[in-house]
Every structure is written in C-alpha cells, then in structure tokens.
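Following: one structure in structure tokens, then a few remarks.
Only the coordinates and a few stated rules stand behind these numbers; no lab work does. Computed from a prediction, not measured in an experiment: that's the story for all the values here. Don't worry about glycine lacking a Cβ; one is built from the backbone with ideal geometry, like all the others, and counts go over all protein chains shown.
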Amino acid sequence: MELINFTSLTERKDAIKAEYQSKKPFRYIMFENFFHPDKAELILQNYPTIEDGKWDGTTYIDQKNKFQKTKFDENSVLEKVFLEMNSSEFLNWLQDVTQMEDTLLGDSDLFGGGLHQSINGAFLNVHVDYNIHPKTKYHRRLNVLVYMNKDWKDEYEGHLELWDLSNDRKQMIGKYAPTFNRCVIFETNEISFHGHPKPLNTPPGVNRKSIATYYYTRTRPADEIAQDHNTIYVNTEGVSGQIKRFSSGVKAFLERINMK
C-alpha cells in the first residue's frame, strides 16, 4: 500500500524544484495532493482524536493548545505514513528538489514532529527551529508539513506564515491555509521564521491537524553554522502578541503547579 503519491511527485519534481529554488531569503514550496487522494482519506479516517491515545499537550508562553503524538501501533496506517516519509525513495526526491549539499537523513524518533493537532484558541508564535538534533547531533535542515483539514475556512485562522526578518525587516512572505492534503516544504536555518500566530477560531469539533517530519544532515555550510539553540520565538503582532503571550504564560504556570 503506497500512501505518498510518488508518481505525481516525480512528474512534478522539476516544477517544484524550480519554484523552491527561486524563493528568498530562504527556500520553500507549497503544493497540493501529497498523498494519493484515496489514501489521504484513509489517513484522515485513522487520525486519532485528542481523547484517543497519548498526546503531549504542554502549554508554553509561545505555544498553546497544541498536541503532539509520535508513537503509533505497529503496521498501522499512521506508522506507514512516517515510514514512507523517512524512506529512501522520499529522501532521494527531497535531495533532488532541495539540492542539499550533504546527504539528507530522516528521523525515526520524530523528535518534535509526528502528528500535530491544535484546538480552538491554539497558536504557535513565529520562530526559527532548534538547529541540532538532541540525540544524533545532526543539523536540522528541512521541514515537511502535510495538512489534513477538510473544508477549512479562512475565519478559522491557523494559516502557516513564513516571515522575512532579515536586516530588521518584518515582512510576511508566505501565508498558507492548512487545507486537506496540502504540503509545505521549507529549509530550516537561522532566518527561516515561521509559525501560525493567529489563535484558532474554530467551531466545536474542528481541530487543526497536520503531519510533520524533519530532516537533517551531518554537516552544513560554514556560513549557516550557529551555536546549538532551542526554538527562538519572535513577536510579529505587537501589543496583541504581548497580551497573548502573557495569557499563555499564565496557563502554562497553572499547568505546572497542578502537576506537582
């Protein structure tokens, strides 16, 4: 059972590659129909609710109402998703599209990745990602996100935003709704700022679902090397962003008090 539409990806590779390579100040691409249409439906059917199974829903100052899951039943559809997204076939396709100077490596541990699901009020402030894998010490180089939300409306918010903050600029360069079977790929470095900072405004029963895999190399260009760091957040919303962070910080504090 093949889930990723490799035939389509191969047919579109040159066009995807050209658009990806054309973007500045960091490279990215959005395209539709990552999975075979019928397999995307199957994945959605098997996508667990927050009440079903173990999710990590820890609140932070810059992240609220977001849940993550990285462990899946053996031989399940969801295990197959991540096996394919870490397969040599997909890694070779990514290598060709991105023209990475070193060999791209997957992450079977799905550190920071896996299934992501956000509920009403959720946000993830604009940030650059951690740059070194905590176990392998490889350099994080690429994010692949696939969204699994049918009939998503603009008023729900939750758009992925890509930002150019170089040379004291503050300009959004990409904004994508998290619609069904849509894929966004972008390189991760010290200037690849991204997030979904607008709090979700979803009706009951509607959550923001996504699939995330991250890719690494053993080395990276000298001009991209930075000291090992965790996620670095920025405020792109002014006063409203400060208020949002304060509210989330209070929630995080209360969660930790209750866990003691």
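Count Lys and Arg as plus one, Asp and Glu as minus one, and take only other residues whose Cβ is under 14 Å from that of Arg140; the net charge is then -3. Given +1 at the Cβ of Lys and Arg, -1 at the Cβ of Asp and Glu and no other charges, the dipole of region 147-260 around its Cα centre is 500 debye to the nearest 20.
Annotation: amide H of Phe34 within the under-5 Å range of Cys183, sequence separation 5 or more or interchain, hydrogens built in the peptide plane. Magnitude of the charge dipole for the chain, about its Cα centre and with charges confined to Cβ atoms of Lys, Arg (+1) and Asp, Glu (-1), is about 760 debye. Look at the dipole of the chain built from charges on Cβ: of Ser87, Ile4, Gly195, the Cα furthest out on the positive end belongs to Gly195. Taking only Cα atoms and a 10 Å spring cutoff, compute GNM fluctuations for the chain and point out the largest among Asn46, Asn181, Asn86. Evaluated over the chain, the most mobile residue of the options is Asn46.
Here is how the number arises for the chain: DSSP H runs of 4 or more residues each give -39500 (n - 2.57), the sum is divided by the residue count, and the result at 222 nm is -8500 deg cm²/dmol.
Annotation for region 199-248 versus region 109-179: alpha-carbon center distance of 6 Å. Backbone amide hydrogens, once placed in the peptide plane, bring Leu142 within less than 5 Å of Thr188, Tyr215, excluding anything fewer than 5 places away on its chain. Sorting Ile16, Ile50 from the fewest to the most surrounding beta carbons within 10 angstrom yields Ile50, Ile16. For Trp152, the residues 5 or more places off, or on other chains, whose built amide H falls under 5 Å of its own are Phe180. Set against the labelled values (i) 48, 44, 36; (ii) 117, 50, 41; (iii) 57, 46, 38, Cα extents along the principal axes in Å computed from this structure falls on (i).
Only lysines eight or more places from Lys137 in sequence, or on another chain, were considered; those with a Cα closer than 23 Å are Lys69, Lys71.
Shown for region 1-146 is the translational diffusion coefficient from the Stokes-Einstein equation, using the Kirkwood radius over Cα pairs, a temperature of 4 °C and a viscosity of 1.567 mPa s: 76 µm²/s. Here the Karplus relation 6.51 cos²θ - 1.76 cosθ + 1.60, evaluated at θ = phi - 60°, turns the backbone of region 192-199 into coupling constants of 8, 6, 7, x, 10, x, 6, x Hz, with x for every Gly and Pro.
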